[in-house]
């Protein structure tokens, strides 16, 4: 029963305007060649810095400056800004869903009536 309800909730979330907005924004970002190139370069730098840290080394100032510059370029793109806004809206919706679930759990724990189905 719980599995069925969870799948139904997932289906409803997948049909929500907030989820659809995130999907559209993510797809649009993926189609922006410049943004994708910037994000790939940022990921390369991040992995290199992480590898240096694991070896006990400190990432160079140049690496940090390059990463900051790339981040600024990505953040200035409207396609990225739309994704961030859509993700924030979706996160707010999911926080509400979580609150509703917690509320339901608390009410269910207080109830002496057992319902199946």
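So which of 38, 47, 70 ends up being outside the structural domain of residue 90 (by TED's automatic domain parsing) and either loosely packed, with under 11 Cβ neighbours inside 10 Å or modelled with pLDDT under 95 (or both)?
Only one candidate passes the filter, namely 47.
Under 20 Å from residue 10 (Cβ atoms) and either outside the structural domain of residue 9 (by TED's automatic domain parsing) or touching a helix residue (DSSP H, G or I) at 6+ places or on another chain (Cβ under 8 Å) (or both), is that true of residue 95?
So residue 95 does not fit the description; no.
The values are calculated or read from the model by the stated rules, or taken from the named source; none is laboratory data. The structure displayed is predicted, hence computed values, not measured ones. Please note: Cβ atoms are built from the backbone with ideal geometry, for glycine as well, and neighbour counts cover all protein chains shown.
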